[in-house]
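The values are calculated or read from the model by the stated rules, or taken from the named source; none is laboratory data. Everything quoted here is computed from the prediction, not taken from an experiment. Quick reminder, even Gly has a Cβ in these numbers, built from the backbone with ideal geometry, and neighbours come from all protein chains shown. Surface accessibility is based on the protein's heavy atoms, side chains included, excluding ligands, DNA and RNA. Shrake-Rupley method; radii C 1.70, N 1.55, O 1.52, S 1.80 Å.
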Amino acid sequence: MDGSPPIVTLTTDFGEGSRYVAAIKGVILRECPQVTIVDLTHAVPPQDIAFAARVWDHATEWFPALTIHLAVVDPGVGTDRELVYVEIDNQRYVCPDNGLLSCLAARQSPLRIFAISEPEFWLPAVTPTFHGRDIMAPVVGKLASGLDPRRLGPPRDVITTIPLPQATIVGQSITGEIVEIDSFGNLISNITADQLATAPRDESVRVACDGHETFGIFATYGEQPAMTLVAIVGSSGTLELAIVDDSAQMMLGVHVGAEVQVVW
């Protein structure tokens with residue numbers, strides 16, 4: 001630690017305003033009162049590991065070094081799945097070993113992995129349905145207070161990963177899918193800026209999704225009039241479809257999983 005106040009982030013599928021989130025924060029603060037807790041999101045769809053993995057991939061790199069990121073998206077809670085502490089780049093992660101680190105680990109291999117298996121760092125009573133409060137929260141609080149992660153349990157060589165949908169390129173065509181819908185109703189795809197590197201940006205390129213189409217890939221929403229369907233490369237570095245000044249999800253009725261095709 002460098003003397004700066006420790007930072008912990010929380011990502012869960014508990015829903016905004018959940019008392020479960022409050023309980024986790026209370027345990028962390030009891031262990032480390034000086035910690036700053038940042039909510040990444042509690043709006044992960046229930047048990048959607050892939051969604052939470054993308055949240056971590058898009059958000060955690062912007063935090064100061066040694067920030068501790070806790071995710072409680074845990075459909076296997078109470079089973080024999082492990083809990084892990086993982087270091088990737090200069091960030092620290094605590095989570096169930098169920099694929100939550102898939103996106104981050106695909107970009108950069110973990111530096112250290114430890115199982116969280118030593119009960120001395122847990123709450124005295126552990127319920128089988130709330131390991132986020134009873135195991136991970138006290139561990140995170142102790143790590144924020146300076147606990148050496150090597151004391152948490154034995155080292156591991158690998159973490160669990162899950163397959164994530166990847167866009168494909170065939171000739172002058174890229175096929176992907178909508179993987180997320182943000183709070184503005186924008187349709188975010190898995191087609192990356194790198195995959196679009198050779199595609200034109202003018203109206204010779206067609207972007208189609210679920211029976212809707214638009215021409216051209218723009219830099220900003222404001223380059224087109226209100227109520228226009230527009231394709232842009234968003235802040236996460238992937239192609240997204242938006243209705244200028246409105247919700248593409250509501251206007252078009254498109255859902256996660258819908259195919260997106262770029263042709264030029």
Exercise for the section: Scan segment 149-163 and report the pairs whose first residue is over 14 Å from GLU87 (Cβ atoms) and whose second residue is β-branched (Val, Ile, Thr) and in a helix (DSSP H, G or I), with Cβ atoms within less than 7 Å and a gap of 6+ or a chain change. Expected result: ILE162/ILE49
Completion exercise
Here the residues within segment 229-242 that are at pLDDT below 95, more than 15 Å from ILE174 (Cβ to Cβ) and touching a strand residue (DSSP E or B) at 6+ places or on another chain (Cβ under 9 Å) are GLY234, SER236
Exercise for the section: Return yes when VAL205 is closer than 21 Å to GLN166 by Cβ, crowded, with 18+ Cβ neighbours inside 10 Å and in contact with a Phe, Trp or Tyr (Cβ under 6 Å, 6 or more places away or on another chain) and no when it is not. Expected result: yes
Completion exercise
Taking segment 191-202 and the residues there that are part of a loop (DSSP other than H, G, I, E, B) and among the aliphatic types (A, V, I, L, M), the one that is surrounded by the most Cβ atoms within 10 Å (Cβ to Cβ) would be LEU196
Exercise for the section: Can you confirm whether segment 166-176 contains a residue that is surrounded by 14 or more Cβ atoms within 10 Å (Cβ to Cβ) and not in a strand (DSSP E or B)? Expected result: yes
Problem - Test for ARG81: is it charged (D, E, K, R), crowded, with 19+ Cβ neighbours inside 10 Å and not in a helix (DSSP H, G or I) - result: no
Exercise for the section: Might you let me know whether segment 55-74 holds any residue that is surrounded by 21 or more Cβ atoms within 10 Å (Cβ to Cβ), of a type in the set (D, E, K, R) and not in a helix (DSSP H, G or I)? Expected result: yes
Completion exercise
A careful count of residues in segment 255-264 that are open to solvent by less than 70 Å² (accessible area, probe 1.4 Å) and closer than 22 Å to GLU203 by Cβ gives 5
Problem - Single residue of segment 128-161 satisfying the filter (among the β-branched types (Val, Ile, Thr) and open to solvent by 50 Å² or more (accessible area, probe 1.4 Å)) that is farthest from ASP39 (Cα to Cα) - result: VAL158
Handout entry: Every residue from segment 88-121 that is surrounded by fewer than 18 Cβ atoms within 10 Å (Cβ to Cβ), within 16 Å of LYS142 (Cα to Cα) and either touching a helix residue (DSSP H, G or I) at 6+ places or on another chain (Cβ under 8 Å) or aliphatic (A, V, I, L, M) (or both)
Key = ALA115, GLU118
Exercise for the section: Could you tell me which of the residues GLU180, GLU213 is within 24 Å of the chain's Cα centre (by Cα), farther than 30 Å from GLU118 by Cα and acidic (Asp, Glu)? Expected result: GLU180
Practice task
May I ask you to list the residues in segment 1-51 that are within 21 Å of ARG81 (Cβ to Cβ), acidic (Asp, Glu) and surrounded by fewer than 19 Cβ atoms within 10 Å (Cβ to Cβ)?
Solution key: ASP48
Fill in the blank from the handout: If you go through THR60, THR67, THR9, THR41, the only one that is within 15 Å of the chain's Cα centre (by Cα), under 26 Å from ILE188 (Cβ atoms) and touching a residue at least 60 places away in the same chain (Cβ under 8 Å) is THR9
Handout entry: Residue selected from segment 26-54 under the condition assigned to a loop (DSSP other than H, G, I, E, B) and in contact with a helix residue (DSSP H, G or I) (Cβ under 6 Å, 6 or more places away or on another chain), by the criterion nearest to CYS103 (Cα to Cα)
Key = VAL44
Exercise for the section: For residues that are in a strand (DSSP E or B), in contact (Cβ under 8 Å) with a residue 24 or more places away in the chain and not aliphatic (A, V, I, L, M), tally how many sit in segment 207-264. Expected result: 8
